[in-house]
Each structure stands twice: as C-alpha cells, then as structure tokens.
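> Can you keep this structure in mind? I'll have questions shortly.
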Amino acid sequence: MSDLLIIMLLILISALFAMSEIAIAASRKIKLRVMVDEGSKKAQAVLTLQEQPGAFFAMIQIALNAIAILGGIVGEQALSPYIEQILVMVYQGPLLSQISFLISFFCITSLFILFADLLPKRLAMIMPEVVAVNVVSIMRWVTFALTPFVMFFNGTTNFILRAFKVPAEREDIVTTEDIVAMMDAGAEYGSLQQQEYEIIGNVFDLEARFLSSVMTPRDQIVFFDVKAAADDVATKIIEHPHNHFLVCDGSLDKLIGSVESKDILRKVLKGQNADIDEELINKDIFYLPETLSLSEALNTFKTAAEPFAVVVNEYALMVGIVTVKDLMKGFMGDLISHQGEELIIKRDANSWLVDGLTPVVELAKVLELEDFPDQSHFETVAGFLIYTMKRLPKRAEFIHYGGYKFEVVDVEGVKVEQLLVSRLSSSEGA
C-alpha cells in the first residue's frame with residue numbers, strides 16, 4: 001500500500017508542476033498588470049517569471065523528468081504483484097510476469113497522462129492567471145531549492161541559444177494588430193458593444209487621417225465682410241447659427257480675424273445695430289497646417305485651448321476651418337453627428353448614397369473593404385475618383401473597384417457633391 005500512496009503523491013506533484021508550467025506561460029500580461037495595479041504582489045512575481053523564464057522552465061523540466069523516472073521505478077513494483085494475483089485466476093502460463101508488467105506499465109502511464117498531465121493543463125488553460133498567482137510562490141521556493149541544477153541546465157541552454165544567435169528571453173510588445181484582434185474577439189463574444197468597437201477602431205485611424213478629411217472646406221465657410229450691413233450680418237447669424245465667424249475684407253484671402261455671435265447678439269439686445277465693430281474682432285487667429293494628422297491636431301488644440309483653427313496649405317492659403325467638434329466626430333462618429341449630417345446613407349442592401357467629402361476610411365468600413373489603392377494621395381471619396389480617373393469627373397461617370405460601382409450623381413462646378421456606390425453582381429464584376 002505504501003507504494004500506491006507514493007504513486008498517488010507523485011501524480012499530485014507532477015500535476016502541480018504541469019499546471020504551473022502552462023498557467024505561467026499562458027497568463028496574459030494585460031490581466032496580470034491590472035492585478036498588479038490592484039495590489040497583487042503574486043501577479044508581479046508571475047510577470048517577473050515571464051520576463052526571465054529560463055530558471056523557471058529549467059526547474060520544471062528537472063522536476064517533471066525526475067518524477068517520471070521515479071514513477072516508472074515505483075509504479076512497476078507497486079501494481080505488478082496485485083495485477084499478477086488477479087491474472088492467476090484466468091491465466092497461469094509462462095508469460096504471466098511479462099503480461100502483469102505490461103498491464104502495470106499501461107495503468108501507471110494512463111494515470112500519469114490523465115491526472116498528472118491532461119487534466120491539470122486543461123485547468124491551467126481555462127483560468128491561467130488564477131492558477132499562476134496561486135502557484136508562483138511554491139515554484140519560486142522549488143527553484144531556489146534546486147539552484148545548482150537550475151543554474152547548470154539554464155546556463156547551458158542560454159549558451160546554446162546565444163551560439164545560434166537566438167534571443168534568450170521573450171520580448172512581449174503589444175502591437176496594434178494584437179489590440180485589434182482582442183477587439184474583434186470582444187465584439188464577437190459580446191463584451192464590446194458595436195458603438196464601443198467602432199470608437200476604438202476609429203481611434204487607431206487618428207494617426208492615418210489628416211485635417212482635410214474632417215475640416216469645413218473653403219467653399220463652405222460662412223464669413224462676415226467687415227463692411228457688411230447690419231441686416232446682412234443678422235441674416236447670416238439666423239441662417240447659420242455658429243458660435244464663431246471669420247471676419248474678412250471682401251474675401252477669405254484677406255482674413256482680419258474672428259467674432260463671436262454672442263457679442264453681436266449682446267449688441268442687438270441693447271438696441272444697437274448688428275454691425276461689426278472693431279473692438280469685437282479677435283485678430284489672434286489660430287492656424288494649423290493641413291498636413292497635420294487628427295491625432296496631432298487634437299494635441300495641438302489641447303495645448304492652445306482654442307475653439308477653432310484656420311487650416312492653411314503650404315502656400316499659406318486658407319483651405320478650410322476645423323473645430324474640436326470636427327475632430328471629435330473623426331472618432332466618435334454617429335454618437336455626436338445629427339441625422340442631417342450623415343455622409344453615408346444606405347438606400348438598400350446593395351447601394352449607398354455617399355457625400356463626396358466622405359473620408360475613404362469611413363466608406364471602407366461600411367463597404368468592408370481592406371483599403372483603397374494609393375490612399376496617401378487622397379482623403380475623400382471625391383479625391384479617390386479624381387485620382388483614379390486622372391481628371392475631374394462628370395455626372396453619370398463611374399469606376400469599378402473592389403466589387404463596387406462608384407457613380408457620380410451630382411457635380412457642382414468642379415466639386416463632386418454626391419456619389420452612388422452600388423455592389424456589383426457576379427456578372428457585372430466579371
């Protein structure tokens with residue numbers, strides 16, 4: 001009976017080491033860091049083992065191999081007599097001892113595979129962080145106890161790895177692809193809502209998108225002429241209820257400053273005319289180059305604390321204006337956009353009415369396209385058509401790309417106002 005107890009003890013010890021090996025290797029750094037932030041010292045110990053796993057894995061292999069050898073020696077002696085006594089009842093031939101040994105070997109091996117290997121490793125894979133923080137202290141003590149053997153085998157392993165120019169330690173760098181994969185898994189299993197998934201995805205696009213994709217273009221800017229009559233100023237405020245207006249001397253190329261609509265409203269409430277006085281004009285204009293990414297623009301706004309900026313090109317010509325709200329819409333999307341501001345309207349299952357100023361990254365998500373070709377040359381869908389056709393498109397002209405038909409619906413002057421994007425049938429695609 002003592003041999004059977006030794007076998008059971010060896011199985012339990014082997015299960016502990018096997019479970020520890022899988023749990024510490026499979027524990028996710030993100031979850032461990034959260035546990036560390038919550039004050040778990042054992043989680044920090046697991047992170048340390050993951051960063052320098054050599055000694056730990058050397059100890060694990062020493063222990064597992066020693067247990068396996070000892071289990072083989074003790075196991076045959078423990079079970080063979082009992083199995084032989086049972087076999088005598090049905091067989092008493094010359095091969096009795098050999099058959100007893102084979103059955104004993106099969107039983108011991110099966111017990112080790114099932115209870116010392118498969119079950120503990122499955123448990124460790126199911127909840128790796130929980131298991132890891134509970135076994136890490138024991139593993140550190142065993143590693144310390146086996147220090148001479150650990151140093152020898154770990155040192156030999158490191159020497160061989162360096163000889164073949166293989167890194168001796170693992171470098172864990174969380175890449176954008178890793179985060180996107182976690183997002184996809186979270187959305188698939190329902191832990192991320194659709195809006196949360198879209199917002200996080202948009203955040204990764206901030207560095208790839210530029211101001212021209214969210215700004216109000218030059219031809220849509222509403223401004224005041226410094227010499228405008230009070231009635232004209234009042235009419236513009238009523239028709240375009242913005243907080244700030246640019247003040248120019250005849251055209252946008254002669255920018256003077258800006259004025260707040262509430263200052264003009266204050267004059268009207270006092271019974272004065274809604275004209276633009278010199279003292280109302282703020283001549284300190286905040287400028288941004290159009291080459292800034294949305295991420296860089298957000299950081300600049302944070303530093304400057306301005307409500308809007310005038311966007312200029314490399315020739316110092318105004319190309320548009322951008323507000324903090326415009327930048328927020330770059331990644332908040334429909335959460336802060338009104339119904340009338342929709343750039344992509346779904347007509348049916350296979351067609352969409354698209355504004356020409358729609359960023360191509362937004363349309364790519366709706367159409368489930370990987371990317372547009374040469375995307376660094378344009379920001380909007382209208383730009384994509386112009387770049388692809390190498391000229392200004394006309395009404396009813398179209399191109400095919402990615403299984404879709406991009407047809408120009410409305411053109412105003414040289415500006416592509418709207419497009420109809422339709423999914424091609426298999427015959428049209430061919």
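The values are calculated or read from the model by the stated rules, or taken from the named source; none is laboratory data. Remember, it's a predicted structure, so these values are computed and weren't measured experimentally. No Cβ is skipped: glycine too gets one built from the backbone with ideal geometry, and neighbour counts run over all protein chains shown. What goes into the accessible areas is simple: the full protein's heavy atoms, side chains included, and nothing from ligands, DNA or RNA. Shrake-Rupley method; radii C 1.70, N 1.55, O 1.52, S 1.80 Å.
> Can you match Rg and Dmax of the Cα atoms in Å to one of these, [x] 24.2, 77; [y] 21.8, 85; [z] 35.8, 123, based on a calculation from the structure here?
Among [x] 24.2, 77; [y] 21.8, 85; [z] 35.8, 123, the one derived from this structure is [z].
> Using the Cα centre of the range 213-302 as the reference point, and only Cβ charges (+1 on K/R, -1 on D/E), how large is the resulting charge dipole? Debye, rounded to the nearest 20. Working shown, then result.
Numbers: 10 positive and 16 negative charges, 55 e Å.
Dipole magnitude for the range 213-302 comes out near 260 debye.
> What is the antiparallel percent of DSSP beta bridges lying wholly in the range 217-299, to the nearest 5?
65
> Work the Kirkwood hydrodynamic radius out for the range 10-111: mean of 1/r over every pair of different alpha-carbon atoms, inverted, in Å.
16.6
> Separate question: Compute the helix-to-body angle for 128-145: its Cα long axis versus the longest principal axis of the chain, expressed 0 to 90° and rounded to tens.
Roughly 50 degrees, rounded to the nearest 10.
> Ok, one more. Ranked highest first by the average count of other Cβ atoms within 10 Å around their residues, in what order do 103-113, 275-285, 88-98 fall? Walk me through the intermediate numbers first.
Numbers: 103-113: 16.0, 275-285: 13.4, 88-98: 9.2.
Put in order of decreasing packing, that is 103-113, 275-285, 88-98.
> OK, next. Might you tell me the accessible area per residue for the range 369-417, computed with a 1.4 Å probe and given in Å²? Please report the intermediate quantities before stating the final value.
Values: 2810 Å² over 49 residues.
I get 57 Å² per residue for this part.
> Would you calculate a helix-derived [θ] at 222 nm for the chain, using -39,500 (n - 2.57) for each DSSP H run of n ≥ 4 and dividing by the full residue count, to the nearest 500? Could the numbers behind the result be given before it?
Working: 17 runs with 226 residues, N = 430.
After summing the helix terms and dividing by the residues of the chain, the value is -16500 deg cm²/dmol.
> Now for a separate question. Residue by residue, what Karplus-based ³J(HN,Hα) values in Hz, rounded to whole numbers, does the range 290-305 have, using 6.51, -1.76 and 1.60 with θ = phi - 60° and x for Gly and Pro?
5, 7, 6, 7, 4, 5, 5, 5, 4, 5, 5, 4, 4, 6, 7, 6
> Just subtract the alpha-carbon distance of Asp374 and Ile345 from 0.36 nm times their residue separation and send over the number in nm, one decimal.
On the way: separation 29, 0.36 × 29 = 10.44 nm, distance 2.53 nm.
The span from Asp374 to Ile345 would gain 7.9 nm if fully extended.
> Could you please report the charge total around Lys267, scoring K, R as +1 and D, E as -1 over all other residues with beta-carbon less than 14 angstrom from its beta-carbon? Could the numbers behind the result be given before it?
Values: positive: Lys262, Arg266, Lys270; negative: Asp231, Glu260, Asp263, Asp275, Asp277, Glu278, Glu279.
Overall, the nearby charge balance is -4.
> Okay, moving on. Once amide H atoms are built 1.01 Å from N in the peptide plane, which residues 5 or more positions from Tyr401, or in another chain, come under 5 Å H to H?
Residues meeting the criterion, in which the H sits 1.01 Å from N, are Phe406.
> A follow-up question, please. If you take every DSSP beta bridge whose two residues both sit in the chain, what share of them, in percent to the nearest 5, is antiparallel?
85
> Which Cα, out of Leu419, Phe210, Gln50, lies furthest along the positive dipole direction of the chain (beta carbon charges, K/R +1, D/E -1)?
Going by the charge dipole, the pick is Gln50.
> Something else about it: Quick check: the angle from helix 2-26's long axis to the longest principal axis of the chain, C-alpha only, nearest 10 degrees?
So the helix axis and the longest Cα principal axis differ by about 20 degrees.
> For the chain, find the longest principal axis of its Cα atoms and tell me its angle to the long axis of helix 96-113, 0 to 90°, nearest 10.
The angle comes out at about 30 degrees.
> Using modelled amide H (1.01 Å from N, peptide plane; none on Pro or chain starts), what sits under 5 Å from the amide H of Val312, excluding residues fewer than 5 places away?
The answer is Leu288, Glu290, Val319.
> Just to confirm the filter: which GluC sites (Glu not before Pro) across the range 9-84 are DSSP coil and have at most 16 other Cβ within 10 angstrom of their Cβ?
Details: sites: Glu21, Glu38, Glu51, Glu76, Glu84; in loops: Glu38.
Here the GluC sites (Glu not before Pro) that fit, given the DSSP loop and packing criteria, are Glu38.
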